[in-house]
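Shown next, in structure tokens, is the structure this report addresses.
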């Protein structure tokens, strides 16, 4: 697994945050003053009290996304799923990596339910809670030998497999730049990722006998850095972006996590809106526990749609 130096991490973080932040700050900067040498304004062109209202400066759009203290989103995303796992026995090596979709016939595309809660407990501070889970089942006759959780299952064996994955995200953010129609913020978060993969097998091709079952479970708390931004496009349309990222090693865990969400929200009603966007979660995890060792590389990404309730 690639190890990122401190300089590389800082460089990537700056590259991801500097451009959108600079664009918003530039758009918010005051207009340049008129030079002293500019031509005097004639009476014909001077503004008057009776000037048409259309010449007045329009106020920025106000959207509920940047105003309401509490918001709940309920929806789903159509995820393209990839899982590459290697599981060793108790105290053993991580084993050989297995593509769960190819080896066990698990589906590559799934509708994944998700829910989120966003609470502005002060003008600039916010608390986020996000959750999704996915359960898959598959049946396949193995085309080649695999080693799973210390057990070798040979080609020709019939295998029933189930894979469950869930992610609970908690984050606290602070909006360091905030205007009526836009905000940019940073924060700290924690993803609690849970993965459980179980297989049962029958047939004379099993190296350890005529059949059996095995499962591998891991729960990994993964801290992340958070960058987010919200923009009111009109009074009814808004855009939201969020990035979670960190690469670290601590205790029995090491790896990298990256989560991205880009959403567009249409809110024609005071308390109800409708959104669509793109959501993704990429996880590269290594576990070295006394009772379980292995690696897990998971990716979930796809288009999302949701209903948004604002209070």
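Every number here is computed from the coordinates shown, using simple stated rules; none is lab data. For clarity, every value in this text was computed on a predicted model and none was experimentally measured. Neighbour counts are summed over all protein chains in view; Cβ atoms, including those assigned to glycine, are modelled from backbone coordinates with ideal geometry.
Could you give the length gained by full extension between residue 248 and residue 141, i.e. 0.36 nm per residue of separation minus their alpha carbon distance, to one decimal place? Please report the intermediate quantities before stating the final value.
Values: separation 107, 0.36 × 107 = 38.52 nm, distance 3.78 nm.
So the chain would gain 34.7 nm between residue 248 and residue 141.
Where a ≥ b ≥ c are the square roots of the eigenvalues of the C-alpha gyration tensor, would you call the stretch 208-279 rounded, which needs a/c under 1.5, or, failing that, prolate if a/b is larger than b/c, or oblate? All intermediate terms of the calculation are to be shown ahead of the outcome.
On the way: a/c = 4.57, a/b = 2.03, b/c = 2.25.
Cα axes put the stretch 208-279 in the oblate bin.
With no solvent and one point per C-alpha, what does the Debye sum give as log10 I(q)/I(0) for the stretch 62-310 at q = 0.07, 0.09 Å⁻¹?
Log10 of I(q)/I(0), two decimals: -0.29, -0.46.
Sorted by mean Cβ packing within 10 Å, highest first, what order do the peptides 263-275, 151-163 take? All intermediate terms of the calculation are to be shown ahead of the outcome.
Numbers: 263-275: 15.9, 151-163: 17.9.
Descending packing order for the listed peptides: 151-163, 263-275.
Once you keep just the Cα pairs under 8 angstrom separated by 6 or more residues, what percentage relative contact order results for the stretch 62-310?
Numbers: 749 pairs, mean separation 55.1, N = 249.
Relative contact order for the stretch 62-310 comes out at 22 percent.
In nm, what is the difference between 0.36 nm times the number of residues separating residue 258 and residue 190 and their Cα-Cα distance? Present the calculation step by step, with values, prior to reporting the outcome.
On the way: separation 68, 0.36 × 68 = 24.48 nm, distance 1.17 nm.
Working it through step by step, the gained length comes to 23.3 nm.
Given a Förster distance of 30 angstrom, what is the FRET efficiency for residue 219 paired with residue 307, based on the Cβ-Cβ distance and rounded to 0.05? Mind showing how you got there, number by number?
Numbers: r = 30 Å, r/R0 = 1.00.
FRET efficiency, residue 219 to residue 307: 0.50.
Hey, what D do you get for the stretch 141-199 in µm²/s if you plug the Kirkwood alpha-carbon radius into Stokes-Einstein at 20 °C and 1.002 mPa s?
Working: Rh = 15.7 Å.
After rounding, the answer is 136 µm²/s.
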